[in-house]
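Everything below concerns the one structure shown next.
Each reported figure results from applying straightforward, stated rules to the coordinates on display, with no laboratory input. Model, not experiment: these values are computed from the prediction. No Cβ is skipped: glycine too gets one built from the backbone with ideal geometry, and neighbour counts run over all protein chains shown.
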Amino acid sequence: MDRHILFIILLTAFLFFTVAIFAGGGEERLDVYISVFTIEYLALVEILRPRRKLITPLRIDPVALGLFVVFCFVVARKVMEILTH
């Protein structure tokens, strides 16, 4: 099977089951979903490494970069919330 197709199928399955498990458990915090989605995406990219031409000049995956920035924002916000209480 092509690695690109396998990547898409696995990512879709992981995200679906993550949402199903968290929704079944009553989780409502968006930061938890974003954090787990980011970890799942980055793990699959590192394991399967779909080779695609990236449009950025530095050859950085724009999706991974965006998810990582959002993840850092969520973590920083949680740290600030903990420190202010």
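Does the range 3-84 come out rounded, prolate or oblate by the C-alpha gyration tensor, with a ≥ b ≥ c the root eigenvalues, rounded set by a/c under 1.5 and, if not, prolate when a/b is larger than b/c and oblate if not?
Since a/c reaches 1.5 but b/c is at least a/b, the shape of the range 3-84 is classed as oblate.
What value, in deg cm²/dmol to 500, does the helix sum -39500 (n - 2.57) over DSSP H runs of n ≥ 4 give at 222 nm once divided by the residues of the chain?
Result for the chain, helices only: -26000 deg cm²/dmol.
For the pair Ile21/Leu48, report the inter-label distance in nm, with labels modelled 7 Å from Cα in the Cβ direction.
1.8 nm
Given the Cα-Cα distance of Glu28 and Asp61 and 0.36 nm per residue of separation, how much length would full extension add, in nm?
Length difference between fully extended and current span is 9.0 nm.
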